[in-house]
Structures are given as structure tokens and as C-alpha cells.
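The values are calculated or read from the model by the stated rules, or taken from the named source; none is laboratory data. Predicted model only: the values in this text are computed from it and were never measured. As a convention, Cβ positions derive from the backbone with ideal geometry for all residues, glycine included, and neighbour counts pool all protein chains shown.
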Amino acid sequence: MFDLTIRNGKVCTEEGVVQTDIGVTDGVIVALGTGLPAGHKDVDASGLIVLPGGIDSHCHIEQLSGMGVMTADDFQTATRSAAFGGTTTVIPFAAQRRGENLLQVVEDYSRLAREKAVIDYGFHLILSDPTEQTLAEHLPRVIKDGITSFKVYMTYESWKLDDFQLLDVLHAAGRHGAMVMVHCENNDIIRWVTRRLLNDGYTHPKYHAVAHDPLAESEATYRAVALSRLLSVPILVVHVAGLEAVRVIHAAQTMGAHIYGESCPQYLFLTADDIDQPGVEGAKFCCSPPPRDSASQQAVWDGLLGDTLQVFSSDHAPYRFDETGKLPHGEATTFKQMANGLPGIELRMPLLFSEGVNTGRMSIEKFVALTATNHAVMYGLYPRKGVIRIGSDADLALWDPALKKTVRWEMLHDAVGYTPYEGREVTGWPIAVFSRGRLVVEGGVLHAQPGDGQFLPCGEPAPIARNKKEIQQGVIVKKIFAV
Ligand code: DUC
Ligand code: ZN
Ligand code: ZN
């Protein structure tokens with residue numbers, strides 16, 4: 001007898017959407033087919049769509065911002081919120097601040113997550129201090145232990161690496177088989193425009209979008225692409241916001257470079273106009289890069305619907321709308337002083353389902369790829385996660401495609417206190433969510449406990465493996481170092 005049988009659902013398998021039952025034993029999918037015997041728990045999914053649980057591979061949890069502000073969500077509230085939105089795996093960051101020992105950083109974040117997470121999690125690193133010891137000694141150990149990706153920044157004074165350091169990191173990533181996620185913004189453009197604006201008295205949150213000009217993003221994207229190509233080491237450009245950045249990535253891919261792209265809800269569903277609110281209200285919409293204009297929104301849609309952008313993540317970076325978070329100086333906070341980042345871990349999938357799948361813009365298969373499967377492939381979790389097939393973890397989200405909700409922060413499960421999507425009408429919502437066959441969410445109730453989530457060691461990211469193969473086959477002929 002199965003532990004769990006889910007019957008009569010429209011199931012998104014790798015072979016397409018099929019009407020089938022799912023049998024689960026010991027947390028793993030063991031049978032797919034019609035007329036399966038009953039399980040200890042037997043769920044009738046008639047009228048529902050059964051999707052692989054989402055993977056949110058870009059979220060900042062229980063992490064200090066560059067300016068030292070703690071996120072509102074810890075591992076409990078963030079993973080709870082993720083689960084209510086249909087996500088069953090998160091990959092947040094173990095963030096190394098300058099001077100910190102990487103091994104200690106990993107240990108600290110691991111303890112927090114182990115005690116509090118209600119769903120499974122992996123980790124990326126944030127590398128802000130790539131010393132020789134970090135790169136030569138610590139990094140290979142961490143990669144061996146299953147943290148096979150790291151984020152690096154081209155901006156933010158306390159995180160940023162210069163191009164020389166970026167090359168060091170890319171070289172190490174290539175040698176040890178890790179994926180580098182790059183935050184692409186030109187620090188000096190932002191710094192220079194910011195100083196001019198503040199000197200002239202322009203402090204309102206809307207000037208955040210002026211300081212973070214699209215050219216700061218596209219220039220840095222082009223530079224990151226150049227560094228990546230120099231060493232033939234793949235990179236993933238994270239949170240792509242602007243039309244020009246999409247074009248730079250697309251052009252690089254057309255030339256055969258191993259460049260991947262990610263975007264997020266804020267670049268599809270918000271624009272810079274949302275920041276133009278009375279007082280400091282606009283701070284609720286400030287992240288970096290900022291939301292841009294409708295042409296950029298369209299370019300991001302096209303990038304996701306085509307093949308330019310492979311993953312859709314939240315970049316959940318929740319800061320409370322008060323002195324402990326976004327507004328260190330209350331109403332007098334300037335755009336430069338605001339903590340950057342938006343909450344989005346719970347609404348990532350419902351927003352895309354509603355505006356993508358339910359409008360007919362996006363196939364359900366593409367939705368699954370962008371919200372789950374491609375993340376698993378990108379970060380070495382496939383096929384354990386991100387897919388409904390025999391042998392995979394039974395991470396499943398049962399969606400009611402017709403359920404309508406009006407978004408209110410009070411109905412969400414994070415701890416941030418507001419949502420930038422307040423008042424939006426959304427159609428389609430997950431009504432039951434399973435992680436390794438265990439019920440996590442049903443009927444608006446959380447059934448999982450802190451500590452139920454397990455650490456997921458990530459394997460070699462698939463694009464790295466592919467890159468190596470292609471290098472061996474001579475597809476990429478330009479190679480400076482043996483990576
Ligand atoms: N930008 C980042 O780079 N990270 C967190 C949030 C943000 O706005
Ligand atoms: Zn970033
Ligand atoms: Zn981020």
C-alpha cells in the first residue's frame with residue numbers, strides 16, 4: 001500500500017500533462033498510472049493540476065543586507081511562506097561578509113536552517129572576500145559538501161568584487177565545477193549619479209530607479225559576459241530587469257557563450273512608476289536592479305517565453321517598512337539609505353501562473369520549467385527535485401487553476417508586514433502542498449514543523465557539466481587556462 005496516492009489530477013510530467021494517479025512510498029514517487037491502489041492518505045485531485053513543487057533558487061533568508069539590516073523573515077517564516085505559494089525547495093545564501101571564514105559562515109547558516117526550515121533547502125554562497133585561502137582551500141571543501149554555486153556582486157560597497165577578483169572566482173568555479181551567479185550593475189555609475197542627485201536635494205525613493213540606470217545594468221552584464229567568455233566559464237546573470245540586459249545576454253548566447261539568465265516577479269509585474277508614491281511609500285518597491293518600464297517588462301516576458309532567461313526566482317529580500325528595515329531614518333530616509341529588496345517568495349508562482357498560464361501567454365510546461373525543473377538542472381538537484389517522475393522526491397503542489405484571490409498582505413505567511421502586490425487579482429492557487437510525500441499545506445493550514453526541511457547537497461550544475469563536455473569536444477576552442 002502506498003503512503004500516499006493522489007488520483008485523478010492533471011499531472012505535469014516530463015512527457016507532458018497527463019491524467020494520471022501518483023503513488024508515493026517513503027517520500028518518493030514510485031508509481032504513475034491510472035487506477036492505482038489506495039494510499040494511507042488518499043487524495044482526490046479531480047479538477048486540479050498537479051505540479052512539481054516549485055524551487056526558488058534566489059532568496060535571502062535570515063541574512064544581513066550589505067548595509068547590515070536583517071531580513072524580516074527567518075528560515076521558519078520564509079520557508080512557511082514559500083510552501084503556501086507552492087514552493088517546496090528554496091536555495092538561499094550563506095553570505096560571507098569581508099573578513100569572515102567561509103567554513104564558519106556555512107556552519108552558521110546551516111544551523112539556522114536545520115532548526116527552522118519547514119521545507120527542503122540547499123545553499124549558494126555569497127562570496128565577498130575571495131582570498132587565496134578562501135578560493136584554494138575553503139571553496140573546494142564547501143563544493144564537495146554540496147554547495148556548488150555562488151553569488152558575486154559588481155556593486156554594493158560591502159559586497160562588490162572588482163574585475164580581477166571576479167576572474168579569480170570564475171577561474172576557481174571552472175576548476176571545481178561550480179556555477180557563478182552574478183549581480184550585474186556598474187557600481188561607479190550608481191555611485192556617481194547618486195551623489196549628484198543627493199547633492200541637488202533629490203532624495204525621494206523614485207530616484208533609486210534613476211541612480212540604478214539601465215545602462216549600469218547592461219554595461220555590467222556585458223562586462224560579466226566578457227569575463228565569463230575569457231575563461232570559458234558559464235555564468236548565470238541574476239535578476240535581469242532591463243531590455244538592454246536581456247539583449248546583451250541573448251547576443252552572448254547567439255555567439256555560443258554559456259550565459260544563463262534569471263528574472264523575478266518584480267520585473268514582470270512592477271515598473272519604476274510604482275516607486276513614485278507619496279512620502280517614503282515608494283520604498284516598498286525599491287530593489288536592485290529596480291523595476292523599469294513597460295518595454296523592459298515586455299523584454300523580460302519575451303526572454304522567459306523564449307530561451308534567453310531560464311529561471312524565474314523571487315529574489316525574496318524582505319525588509320520591514322520601518323526603522324528596523326527599509327527606513328532607518330523614518331520619513332527622512334533617502335533613497336540611498338533604504339534597504340534594497342522586495343518580498344515575493346509566496347507570490348512568485350501564483351503571479352506567474354495567473355498572468356502567464358491563465359492568460360494563455362505561457363504553456364503549463366514552460367511554467368514548470370521556469371519555476372521548478374530548470375532550477376534543479378541549473379544547480380545540480382535534477383532529477384531528485386523539480387520534476388514528477390518515478391524515483392523523484394514527492395514534492396507536489398495541487399493547484400486549483402480557477403481559484404481567485406485578491407492579494408492582501410494579511411493572507412500571506414511571511415513576516416515582512418506588506419506586499420508590493422497589494423490588491424492584485426490573481427487566478428490559480430495551490431491548495432495542497434506535499435514535501436517528500438508529507439503534507440505541508442492544506443486548506444490554508446500549515447502541517448509541517450520547523451526542522452522538517454532537509455539540507456539538499458547540490459551536485460555539479462548541469463551547465464558546467466555540459467560546458468566541460470563541449471570543451472572536450474572542441475565546441476569551445478578558446479581556452480586560456482585549463483579549467
Ligand atoms: N538586490 C540584491 O542584489 N539583493 C537583495 C535585494 C536586492 O534588491
Ligand atoms: Zn543581487
Ligand atoms: Zn539577491
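Below is a table of values for the structure above.
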{"read-out": "Residue, nearest to residue 91 (Cα to Cα), within the stretch 395-416, restricted to residues that are in a loop (DSSP other than H, G, I, E, B) and in contact with a Phe, Trp or Tyr (Cβ under 6 Å, 6 or more places away or on another chain)", "value": "413"}
{"read-out": "Single residue of the stretch 51-65 satisfying the filter (assigned to a loop (DSSP other than H, G, I, E, B) and of a type outside the set (Ser, Thr, Tyr)) that is surrounded by the most Cβ atoms within 10 Å (Cβ to Cβ)", "value": "53"}
{"read-out": "So residue 275, is it buried (at least 21 other Cβ atoms within 10 Å of the Cβ), in contact (Cβ under 8 Å) with a residue 24 or more places away in the chain and more than 16 Å from ligand 1 (Cβ to nearest atom)", "value": "no"}
{"read-out": "Residue 149 within 30 Å of residue 208 (Cα to Cα), touching a residue at least 60 places away in the same chain (Cβ under 8 Å) and within 16 Å of ligand 3 (Cβ to nearest atom)", "value": "yes"}
{"read-out": "Candidate set: the stretch 215-256, residues that are at pLDDT 95 or above and in contact with a Lys or Arg (Cβ under 6 Å, 6 or more places away or on another chain); chosen: the one nearest to ligand 1 (Cβ to nearest atom)", "value": "241"}
{"read-out": "Flag for residue 387 being within 18 Å of the chain's Cα centre (by Cα), hydrophobic (A, V, I, L, M, F, W, C) and in a helix (DSSP H, G or I)", "value": "no"}
{"read-out": "Residue count, the stretch 424-443 (criterion: modelled with pLDDT of 95 or more, assigned to a loop (DSSP other than H, G, I, E, B) and surrounded by fewer than 20 Cβ atoms within 10 Å (Cβ to Cβ))", "value": "1"}
{"read-out": "In the stretch 349-408, the residues that are of a type in the set (Phe, Trp, Tyr) and either under 18 Å from residue 300 (Cα atoms) or in contact with a His (Cβ under 7 Å, 6 or more places away or on another chain) (or both)", "value": "353, 367"}
{"read-out": "Single residue of the stretch 225-247 satisfying the filter (assigned to a loop (DSSP other than H, G, I, E, B) and farther than 20 Å from residue 175 by Cβ) that is farthest from ligand 3 (Cβ to nearest atom)", "value": "242"}
{"read-out": "Filter result for residue 321 (surrounded by fewer than 20 Cβ atoms within 10 Å (Cβ to Cβ), in contact with a helix residue (DSSP H, G or I) (Cβ under 7 Å, 6 or more places away or on another chain), at pLDDT 95 or above and assigned to a loop (DSSP other than H, G, I, E, B))", "value": "yes"}
{"read-out": "Residue pairs meeting the criteria (Cβ under 7 Å; at least 6 apart or on separate chains; first over 15 Å from residue 414 (Cβ atoms), in the stretch 313-329; second more than 16 Å from ligand 2 (Cβ to nearest atom))", "value": "323/330; 327/280; 327/283; 327/321; 327/333; 328/337; 329/337"}
{"read-out": "Sole exception among (1) more than 15 Å from ligand 2 (Cβ to nearest atom); (2) in a helix (DSSP H, G or I); (3) in contact with a Pro (Cβ under 9 Å, 6 or more places away or on another chain); (4) of a type in the set (D, E, K, R) for residue 217, by number", "value": "(1)"}
{"read-out": "Long-range neighbours under 7 Å by Cβ, at least six apart or interchain, first residue of a type outside the set (A, V, I, L, M, F, W, C) within the stretch 333-344, second assigned to a strand (DSSP E or B) and within 15 Å of ligand 2 (Cβ to nearest atom)", "value": "343/316; 344/316"}
{"read-out": "Failed criterion for residue 379 (all others in (1) hydroxyl-bearing (Ser, Thr, Tyr); (2) farther than 17 Å from residue 49 by Cα; (3) surrounded by fewer than 20 Cβ atoms within 10 Å (Cβ to Cβ) hold)", "value": "(3)"}
{"read-out": "Helices (runs of 4 or more DSSP H) (entirely within the stretch 70-164) containing at least 1 residues that are more than 30 Å from residue 433 (Cβ to Cβ)", "value": "102-116, 139-144"}
{"read-out": "Residues located in the stretch 248-260, provided they are part of a helix (DSSP H, G or I) and either charged (D, E, K, R) or within 16 Å of ligand 2 (Cβ to nearest atom) (or both)", "value": "249"}
{"read-out": "Every residue from the stretch 103-146 that is of a type outside the set (A, V, I, L, M), in contact with a His (Cβ under 9 Å, 6 or more places away or on another chain) and crowded, with 21+ Cβ neighbours inside 10 Å", "value": "124"}
{"read-out": "Of all residues making up the stretch 119-146, the number that are free of Cβ contacts under 8 Å to residues at least 40 places away in the same chain and more than 20 Å from the chain's Cα centre (by Cα)", "value": "13"}
{"read-out": "Any hit, the stretch 261-273, residues being among the β-branched types (Val, Ile, Thr) and not in a loop (DSSP other than H, G, I, E, B)", "value": "no"}
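Every residue, every condition in (1) polar (S, T, N, Q); (2) in contact (Cβ under 8 Å) with a residue 24 or more places away in the chain; (3) more than 18 Å from residue 324 (Cβ to Cβ); (4) touching a Pro at 6+ places or on another chain (Cβ under 7 Å), yes or no:
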residue: 71; (1), (2), (3), (4): yes, yes, no, yes
residue: 75; (1), (2), (3), (4): no, yes, yes, no
residue: 85; (1), (2), (3), (4): no, yes, yes, yes
residue: 89; (1), (2), (3), (4): yes, yes, yes, no
residue: 93; (1), (2), (3), (4): no, yes, yes, no
residue: 97; (1), (2), (3), (4): no, yes, yes, no
